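Heads up: the structure comes next, in structure tokens.
Computed from the coordinates by the stated procedures, all read-outs in this text should not be read as laboratory data. Remember, it's a predicted structure, so these values are computed and weren't measured experimentally. All Cβ positions, glycine included, derive from the backbone under ideal geometry; neighbour counts span all protein chains shown.
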Amino acid sequence: MMKNGTFEKVEKSEKILFGPRAALVCGFESEAEEIITGFFKVIGVKDLPLVFPANTDGETSLLDLLSRPDQSGRGLSSSLDCAIILSGITENELHRTLSAFRGLELPRPFWATLTPISQTWTLSALIAELRKERAAMEKRK
């Protein structure tokens, strides 16, 4: 998780991460959206509203998107990069999600958690930043 422009280690605890309890699920096809919806229930991340941003949501702030009703945007086509932005879940739920997702045969998404800094960012700005971070990390390998 990023805090004050630096990364902060996420522990294994019941501490709740910043923001409203919700997840943005971007850029997946409708079949994958269905799998992801079931996935969160299977791994025990319950009562997590899922919002599926559309192409037209790129300039919308993350906080505004996370405030939408559960399942909004589901099934709409999207050419956004695959990304999952989590908010208001516990540190343990984050670890469980990241670990279990690797077992799904879905496109590798960008991952992020909402922070006090990123809450006002647009979805497009966050995805652009995540793209840069992934490229930098892959360059180091």
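Things to note:
- A Förster distance of 25 Å, applied to the separation of the beta-carbon atoms of residue 124 and residue 43, puts the FRET efficiency at 0.30.
- Using the Cβ-Cβ distance between residue 67 and residue 104 with R0 set to 30 Å, the FRET efficiency from 1/(1 + (r/R0)^6) comes to roughly 0.65.
- Selection of trypsin sites (Lys or Arg not before Pro), the range 9-66, meeting DSSP coil and at most 12 other Cβ within 10 Å: 9, 12, 15, 46
- Spherically averaged projected area of the chain from its Cα convex hull (nm²): 8.1
- Lysine pairs in the chain with Cα atoms under 23 Å, if 8 or more residues apart or on separate chains: 11
- Loop sites in the range 100-139: trypsin sites (Lys or Arg not before Pro), DSSP, at most 16 other Cβ within 10 Å: 102
- A cut-off under 13 angstrom between Cβ atoms defines the neighbours of residue 106, and their net charge, with Lys, Arg +1 and Asp, Glu -1, is -3.
- Loop GluC sites (Glu not before Pro), the range 37-105 (other Cβ atoms within 10 Å of the site Cβ: 13 or fewer; DSSP): 59, 105
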